[in-house]
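Enquirer: Please read through the structure below; I'll follow up with questions.
Derivation of every value follows stated rules applied to the coordinates shown; laboratory data play no part. Just so it is clear, the structure is predicted and the values come from calculations on it, not from any experiment. Note: ideal-geometry Cβ built from the backbone for every residue, glycine included; neighbour counts use all protein chains shown.
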Amino acid sequence: MAKLNYWNATWSLDEKQCPCDIHFLDYLKEKAVKGKDVFHMGTGNHHIIGLETAKDGSGNHVFGITASKEEYDDYVKLLIDNARLGFSYKCYFGDIYQIDRRLMPDLDFATLFHIGEYRTAENDKYGALTDDEMTFVLADKLRPGGEIHFYTGSFAYDKGLAAGKALVAKRGFTDAGIYKTLHIFRKGK
């Protein structure tokens, strides 16, 4: 039986090294995004997107995934200490390359900041999706006008860019350009 390819570490918020979560929050604020549903890959132990969204009055909801047991444990502690957080922020532990469209809600935004960073041959041992397949699952769950954001500062940004180009070629998305360190691809209306 194949073992899950997970991240046996955690990521603390370090805006100088990895500002993508902060830039996404800036984007939502600048665009005055309200009442929307966000899928967020790679929550970090800081859970900043879920926490800030829960308290900013936007009415946005965040569904996050982490491949780090430590980050998931941190979410559980946050939820125990602040039960109201559970109304707007859900996080689960797992391999994003195992997502199943039948279990995914409809979305307005998906952040794939860390696409390709940790996918290895280990994922193949249990039939995990490829970068494009996983991206297409999320793309198909986006409402018209929805967006997928990739992080241009990722060491695997080439994989994010390739997935973005595949969205344009195979799903009719448009390249909506760059916002700070985020490359945005938008679904047609």
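Enquirer: Positive end of the charge dipole of the chain (Lys, Arg +1 and Asp, Glu -1 on Cβ, about the Cα centre): tell me which of Thr10, Gly42, Thr53 has its Cα farthest that way.
Expert: Thr53
Enquirer: A further question on this structure: Taking θ = phi - 60°, what integer Hz values does the Karplus form 6.51 cos²θ - 1.76 cosθ + 1.60 yield along the range 79-85, in sequence order, with x for Gly and Pro?
Expert: Once θ is set to phi - 60°, the couplings for the range 79-85 become 5, 4, 6, 9, 4, 5, 4 Hz.
Enquirer: Taking neighbour counts of Cβ atoms within 10 Å as a proxy for exposure, in what order, fewest first, do Leu129, Leu138 appear?
Expert: Leu129, Leu138
Enquirer: Tell me, in nm to one decimal, what length is gained between Arg102 and Asp175 on full extension, where the rule is 0.36 nm per residue of separation less the Cα-Cα distance?
Expert: Using 0.36 nm per residue and subtracting the Cα-Cα distance, I get 23.6 nm.
Enquirer: Do you know the Lys pair count in the range 1-145 for C-alpha distances under 13 Å, with sequence separation 8 or more or different chains?
Expert: Close lysine pairs under the 13 Å cut-off: 5.
Enquirer: Starting at the first residue of the range 95-103, write each ³J(HN,Hα) from the Karplus equation 6.51 cos²θ - 1.76 cosθ + 1.60 with θ = phi - 60°, in whole Hz, x for Gly and Pro.
Expert: After applying 6.51 cos²θ - 1.76 cosθ + 1.60, I find 9, 4, 7, 10, 4, 10, 4, 5, 9 Hz.
Enquirer: Just to confirm my numbers, what's the Cα centroid distance between the range 45-74 and the range 102-133 in Å?
Expert: Rounded to whole Å, the Cα centres lie 18 Å apart.
Enquirer: Name the residues whose placed amide hydrogens come within less than 5 Å of the amide hydrogen of Phe173, ignoring near sequence neighbours (fewer than 5 apart) on the same chain.
Expert: Amide H neighbours of Phe173, under 5 Å, 5+ apart: Val168.
Enquirer: Based on Cα coordinates alone, diagonalise the gyration tensor for the chain, multiply each eigenvalue by 5, take square roots, and list the semi-axes in whole Å, largest first.
Expert: Largest first, the chain gives 22, 21, 16 Å.
Enquirer: Moving on. Let me have the 222 nm mean residue ellipticity of the chain computed from DSSP H runs of 4+ only, each contributing -39500 (n - 2.57), with the sum over all residues rounded to the nearest 500.
Expert: -9500 deg cm²/dmol
Enquirer: Another question, if that's okay. Using Cβ counts within 10 Å as a stand-in for footprinting exposure, how do Lys77, Lys189 rank, fewest first?
Expert: Lys189, Lys77
Enquirer: Next up: Counting other beta carbons within 10 Å of each residue's own, what order do Glu52, Glu122 fall into, fewest first?
Expert: Glu122, Glu52
Enquirer: Among Lys36, Lys170, Lys69, whose mean-square fluctuation peaks in a Gaussian network model of the chain (Cα, cutoff 10 Å)?
Expert: Lys170
Enquirer: Would you mind getting me the FRET efficiency between Lys90 and Lys16? Use the beta-carbon distance for r and R0 = 41 Å, nearest 0.05.
Expert: 0.90
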